[in-house]
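Engineer: Would you mind keeping the following structure in view while I ask a few things?
The values are calculated or read from the model by the stated rules, or taken from the named source; none is laboratory data. Just so it is clear, the structure is predicted and the values come from calculations on it, not from any experiment. Cβ atoms come from the backbone with ideal geometry, glycine included; neighbour counts cover every protein chain shown. The accessibility values were calculated without ligands, DNA or RNA, using every heavy atom of the protein model including side chains. Shrake-Rupley method; radii C 1.70, N 1.55, O 1.52, S 1.80 Å.
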Amino acid sequence: MIPRNAGFATRAIHHGYDPYAGSGGLTPPIHVSSTYSLPSAAEGGRRFAGDEPGFVYSRIGNPSTALLEARLASLEGAEAAVVTGSGMGAICSVLWTLLRPGDELLTDETLYGCTFAYFHHGLREFGIEVRHIDLRDPANLEANIRPNTRGVYFETIANPNMRVIDVAGVCDVARRHGIWTVVDNTYLTPYLLRPIELGADYVVHSATKYLSGHGDLLAGVVAGTQEGISRVRLQGVKDFTGSVLSAYDAHQVLRGLKTLSLRMDRHNASAMAVASYLSRHPAVARVFYPGLPGDPGFEVMSRQARGCGGVIALELVRGQPAALEFLDRLALVIRAVSLGDCESLVQHPATMTHSTYTPEERAQHGISDGLVRLSVGLEELEDILADLEQALCGLG
């Protein structure tokens, strides 16, 4: 057993698993059973009633997913966690649990495209009001809370334009008014920022991204209090979405967590170097990366996180035509959606991840047609910079 105060990387590798128990395998086994034997009818009844721990059916829990949940909760500084089949599975599971018709959800002006679609084409269709406000200033939340406001949802760094939210400031206002907060921490991971320690009630991730880190699975997670996560598990996941993570994919995320701190240090350092390079290039009109002095989010990020992650947004001087040509010229950097992989990835939000917005909505929510999102991978920095240089040549 490792000490309770063990460091982040130690817990990411060891928490919740004793290699000396069971078969003695260094790596946790993959439990593939869909259902579980019950020692007696009485004990089965107690398990279903929640009066006694134990597995009954893998839609509710599985030894492999349970280990991953315990480890993720430890890394986030949460009491508990529940894993899901995707990041959107995590978001839908927690919000279907917390919201009811007639409630209002406040959210920031910029959201990931599928989250935006879920809010506007999902929640609103079921009588839940969604209202966008500028959460960069916590005072705007104070001024916009109504009697039917139930909660606040935002991303630590907004996808794709890199807006930064003051997590502690927003959560403090929400808590004083008795409303909950759900924070998407996908961009930063618990290695760089832990929203629960800053006052958030729930944290969600697309574990597809940095937590797994290898682009070979889909997964999500919700972390929070034991009581809150029990509700999300038994209502949001079991009854509403059925967004269940497989034992095999849980095993793969556990593998990814072992190198999370190392990978995030590399992503962070390379992204900072790439952002600095892009900010000086004559073909680039603007770079959005809160690690750069002068970025609107620099001050907030400097005090709330240990780094800004591996994602950069940029606009070229010649706008969307140059942006699309830039994407097509890249050779090492791969044209693909998603982020947080070992490979550097690039995409065009207006026609790809954020095409769920209408053109008018993109303009309203700060997503220009020429915006490019770059996820800086783990390749040699010199090779990434060389590919960017040849792709930008002549586009100024």
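Engineer: Top mean-square fluctuation among Glu142, Glu43, Glu299, Gaussian network model of the chain, C-alpha springs under 10 Å?
Structural biologist: Glu43
Engineer: Can you run phi through the Karplus equation (6.51, -1.76, 1.60; θ = phi - 60°) for segment 197-212 and list ³J(HN,Hα) in whole Hz, with x for Gly and Pro?
Structural biologist: 5, 9, x, 5, 7, 9, 10, 10, 9, 8, 6, 4, 8, 5, 4, 7
Engineer: Another question, if that's okay. From Cα pairs below 8 angstrom and at least 6 apart in sequence, can you work out the relative contact order of the chain, rounded to a whole percent?
Structural biologist: 17 percent
Engineer: Given the Cα atoms of segment 3-87, and with Rh set as the inverse mean 1/r over their pairs in the Kirkwood sense, what is Rg to Rh to two decimals?
Structural biologist: 1.00
Engineer: With springs only between Cα atoms under 10 Å, which of Val232, Val317, Val203 fluctuates most in a Gaussian network model of the chain?
Structural biologist: Checking each option, the largest mean-square fluctuation is seen for Val317.
Engineer: Determine the sum of side-chain charges near Lys238: Lys and Arg each +1, Asp and Glu each -1, restricted to other residues whose C-beta is under 12 angstrom from that of Lys238.
Structural biologist: Working: positive: Arg59, Arg231, Arg233; negative: Asp239.
Charge balance in the 12 Å sphere: +2.
Engineer: Would you mind counting up the charge near Arg280? Only other residues with Cβ under 14 Å from its Cβ, with Lys and Arg at +1 and Asp and Glu at -1.
Structural biologist: Net of charged neighbours comes to 0.
Engineer: Skipping prolines and chain starts, which residues have an amide H placed within reach, meaning under 5 Å, of the one on Ile157, given they are 5 or more residues away or on another chain?
Structural biologist: Counting only residues 5 or more places away or on other chains, the set is Tyr187.
Engineer: With the full set of protein chains in place, find how many percent of the accessible area of segment 113-162 is carbon and sulfur; take the probe as 1.4 Å. List each step's numbers first, then the result.
Structural biologist: Values: 910 of 1860 Å².
Percent of accessible area from carbon and sulfur atoms in segment 113-162: 49.
Engineer: When the chain is fully extended, how far beyond the present Cα-Cα distance does Ser338 get from Ala21, taking 0.36 nm per residue of separation?
Structural biologist: So the chain would gain 110.4 nm between Ser338 and Ala21.
Engineer: Still on this structure, please answer the following. For the chain, taking Cα atoms only, what is the radius of gyration to one decimal and the Dmax to the nearest whole Å?
Structural biologist: 21.3, 75
Engineer: Looking at the square roots a ≥ b ≥ c of the eigenvalues of the Cα gyration tensor of segment 272-396, which shape do they give, rounded for a/c under 1.5, prolate if a/b is larger than b/c, or oblate?
Structural biologist: Rounded, since a/c falls under 1.5.
Engineer: So what's the net charge close to Leu135: Lys and Arg +1, Asp and Glu -1, counting the other residues with Cβ under 10 Å from its Cβ?
Structural biologist: Local charge sum for Leu135: -4.
Engineer: Now for a different question. Please state the shape class of segment 255-335: rounded when a/c is under 1.5, otherwise prolate if a/b exceeds b/c and oblate if not, all from the C-alpha gyration tensor.
Structural biologist: Working: a/c = 2.79, a/b = 1.35, b/c = 2.07.
In terms of gyration-tensor shape, oblate.
Engineer: Please compute the per residue accessible area over segment 69-208 with all protein chains in place, 1.4 Å probe, rounded to a whole number of Å².
Structural biologist: Accessible area per residue, segment 69-208: 29 Å².
Engineer: From the backbone phi of segment 85-101, what are the Karplus-calculated ³J(HN,Hα) couplings (6.51 cos²θ - 1.76 cosθ + 1.60, θ = phi - 60°) in whole Hz, Gly and Pro given as x?
Structural biologist: Listing the rounded values in order: x, 6, x, 5, x, 5, 4, 5, 5, 6, 6, 5, 6, 8, 9, 9, x Hz.
Engineer: Give me D for segment 117-225 in µm² s⁻¹, whole number, from Stokes-Einstein with Rh from the Kirkwood sum over alpha-carbon pairs, 4 °C and 1.567 mPa s. List each step's numbers first, then the result.
Structural biologist: On the way: Rh = 14.7 Å.
For the chosen part, D equals 88 µm²/s.
Engineer: Quick check on the chain: helices-only [θ] at 222 nm, where DSSP H runs of length 4 and up contribute -39,500 (n - 2.57) each and the sum goes over total residues. Nearest 500, please. Before the final figure, lay out each step's value.
Structural biologist: Details: 15 runs with 142 residues, N = 396.
One gets -10500 deg cm²/dmol as the mean residue ellipticity at 222 nm.
Engineer: Give the Kirkwood hydrodynamic radius (Å, one decimal) of segment 56-179, defined as one over the mean of 1/r across all pairs of different Cα atoms.
Structural biologist: Hydrodynamic radius (Kirkwood, Cα pairs) of segment 56-179 is 15.9 Å.
Engineer: Going by a ≥ b ≥ c, the root eigenvalues of the Cα gyration tensor, does segment 107-151 fall in the rounded group (a/c under 1.5), the prolate group (a/b larger than b/c) or the oblate group? Walk me through the intermediate numbers first.
Structural biologist: Numbers: a/c = 3.72, a/b = 1.35, b/c = 2.76.
In terms of gyration-tensor shape, oblate.
Engineer: Tell me the carbon and sulfur percent of the accessible area for segment 272-347, rounded to whole percent, probe radius 1.4 Å.
Structural biologist: Values: 1760 of 3180 Å².
Carbon and sulfur: 55 percent of the exposed surface of segment 272-347.
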